[in-house]
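The next block holds one structure in the form of structure tokens; read it before the comments.
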Amino acid sequence: MARTDGRIGERLDGRTPVLVGAGLATQRPDDPRDGLDAVGLMRAALDAAAADAGPGGAGLLDRVDEIVVPEGIWATRDPGRDVLDGRSPGARSTMAAIGVLQQRCFSRAATQLARGDAEVVVVVGGEAKWRALRSQITGIEVSETNGGTAAEVLRPHQDVLPPVEIERGLAAPTHQYAVMESALRHAAGRSVAAHEAHLAELIAGFAAVAATNPDAWNRSGPPAAEIATAALVAAPYRKPACSQWNVDQAAAFVLTTVERARAVGVPSERWVFPWAGAESNLMVPLVERADVAASPAMAAVGRALADAAGRPLAEVELLELYSCFPAAVQIQVAELGLTDAVTAGRPITVTGGMHYGGGPLNSFTFQALARMVPMLRAEPASLAFVSSVSGMLTKFGAGLWSATPPPAGWQDLDVTAAAESATATRALDVDHVGSASVVGHTVGFLGGAAHELVAVLDTPSGGRTIARSSDPDLLERGLADDLVGSSAGVAGERLLSVSRPG
């Protein structure tokens, strides 16, 4: 039920961080000239967030100390300044580069507010990829905002992809996650056909949620039978299994302190509190992970946030699991202790996920949080858990939110050390010649036809390599059979043979 206690702010430390406004902006123009560019869309979302805060919200945009924007596919080099559009000219403009967890944007904001380093922080992200696609299809040129250089750029400490993954056919996220998916299929003991059906049911569940979400990009809600016959992209992934990033979606948030919210007259009924954010910034590429179908970093984040919540994550009322590809969802379910709850029908999305809800590059979790804010206001005792992934399950983070203040105050938790101690790795053995054991594999498609079989393999020395082949027989085998655990012959990057399964 809705909270009616308007005096809640008087019981809190004035420096307690609080989200007071959340806004969304979506467009789908046929003529790209009828649409805003990404900066304009983010600006519209920010205006909506200020309005969402109530009468005091507009004034907060004139006293922003920092605006944080995750990097996207747009021209501007100073997105924050361009989004503010003359408001708060003294604000720090910060961009979080690709490879920085989306959770970091919110954790950075909450930590600065709690420390007294800021009084108002704006977080905003979005894309206008649909507009760009329509421009390409129609031949109608449209311009983009192109600002200066951001005052500060947050960067990951290393590249997401090592050279060997790029050089041997594993640069695309579709292929990386499909390799993980093959390992999950093998571990579950499913046949190729049974696992295809499993994936179709999983994605159909997301599509059904999107059909009820007024802000979802695709509300068509196709059944599993339709999903199971879509075009293959990287086996076993068909097109509906892949994140839909050709969207025009933006989301924005205004965060401040309890003291400032009270001073400008934002009603306490509008307040949503960040409870905790947890992150692992350990960066182990797929080829070096001993178990390509697991993520100890996720487990570490889950334990930290379950402790902060004071209950298992399966008992948290609202969940949004980062859903770029099905492997990411399934690994999170296992590592976060949600398997039994999900089997019993526990929802793991409020948006419909990145397949149907929409997956703007590097800001999907913003869409999820904006969807959750009114839900939390309506049920103040409830908690929301929103996860974020960077790279190919390379880094993992999540946040807890509630309209009830956190009993222990805001917590910014780094579990990198715990993740590192729990993550087994394999040294690269990329020049290996001889036999090797298949750990995971996929067949990538090009122009609708099977193009290349790519396999991650263990070598007899305990090392790890990647090999590939375009041999028609091996392509057929890679599509029809579960090759995980099979013996293969390799010569450097060339996959020469694979034994029959079993």
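The values are calculated or read from the model by the stated rules, or taken from the named source; none is laboratory data. All values reported here derive from a predicted model rather than from experimental measurement. Cβ coordinates were reconstructed from backbone atoms using ideal geometry, including for glycine residues, and neighbour counts include every protein chain displayed.
Descriptive notes on the structure:
- Selection of first residues in segment 327-338 that are over 16 Å from residue 286 (Cα atoms) and touching a residue at least 12 places away in the same chain (Cβ under 8 Å) and of second residues that are crowded, with 24+ Cβ neighbours inside 10 Å and polar (S, T, N, Q), restricted to Cβ pairs under 6 Å at least 6 apart or on distinct chains, gives the following pairs, ordered by first then second residue: 329/323; 335/295.
- Residues considered: 361, 369, 453. Of these, the only one that is touching a helix residue (DSSP H, G or I) at 6+ places or on another chain (Cβ under 9 Å), at pLDDT below 95 and either closer than 28 Å to residue 232 by Cα or in a helix (DSSP H, G or I) (or both) is 361.
- Test: residue in segment 358-370 that is touching a residue at least 60 places away in the same chain (Cβ under 8 Å), out of contact with any Gly (no Cβ under 9 Å at 6 or more places or on another chain) and buried (at least 21 other Cβ atoms within 10 Å of the Cβ): no
- Residue count, segment 122-143 (criterion: part of a strand (DSSP E or B) and basic (Lys, Arg)): 0
Okay, residues lined up against (1) of a type in the set (Phe, Trp, Tyr); (2) surrounded by fewer than 18 Cβ atoms within 10 Å (Cβ to Cβ):
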site	(1), (2)
181	no, no
188	no, yes
192	no, yes
195	no, no
204	no, no
217	yes, no
220	no, yes
225	no, yes
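- Selection from segment 309-352 of residues that are more than 17 Å from residue 396 (Cα to Cα) and assigned to a helix (DSSP H, G or I): 309, 314, 315, 339, 340, 341, 342, 343
- Exactly one residue among 62, 78 is among the charged types (D, E, K, R), without any contact (Cβ under 8 Å) to a residue 40 or more places away in the chain and touching a Ser or Thr at 6+ places or on another chain (Cβ under 8 Å), and that residue is 62.
- The set of residues from segment 381-398 being part of a strand (DSSP E or B) and more than 11 Å from the chain's Cα centre (by Cα) comprises 383, 384, 385.
- Every pair of residues 6+ apart whose Cβ atoms lie under 7 Å, when the first sits in segment 277-294 and is outside the structural domain of residue 458 (by TED's automatic domain parsing) while the second is of a type in the set (Phe, Trp, Tyr): 277/106; 280/396
- Filtering segment 45-57 for residues that are within 17 Å of residue 118 (Cβ to Cβ), without any contact (Cβ under 8 Å) to a residue 60 or more places away in the chain, in a loop (DSSP other than H, G, I, E, B) and in contact with a helix residue (DSSP H, G or I) (Cβ under 9 Å, 6 or more places away or on another chain) leaves an empty set.
- Conditions (1) assigned to a loop (DSSP other than H, G, I, E, B); (2) in contact (Cβ under 8 Å) with a residue 24 or more places away in the chain: number failed by residue 86: (2)
- Scanning segment 408-421 for any residue that is part of a helix (DSSP H, G or I) and either under 30 Å from residue 266 (Cα atoms) or among the β-branched types (Val, Ile, Thr) (or both) turns up at least one such residue.
- Subset of segment 224-235 (residues that are in contact with a helix residue (DSSP H, G or I) (Cβ under 6 Å, 6 or more places away or on another chain) and either under 21 Å from residue 361 (Cβ atoms) or assigned to a loop (DSSP other than H, G, I, E, B) (or both)): 228, 230, 231, 233, 234, 235
- The single condition among (1) within 27 Å of residue 108 (Cα to Cα); (2) touching a Gly at 6+ places or on another chain (Cβ under 8 Å); (3) surrounded by 24 or more Cβ atoms within 10 Å (Cβ to Cβ) that residue 300 does not satisfy is (2).
- Where a residue in segment 24-35 is more than 19 Å from residue 124 (Cα to Cα) and its partner, wherever it lies, is assigned to a loop (DSSP other than H, G, I, E, B) and of a type in the set (A, V, I, L, M, F, W, C), with Cβ under 9 Å and at least six apart: 28/217; 28/247; 29/36; 31/140; 32/140; 32/142; 33/140; 33/142
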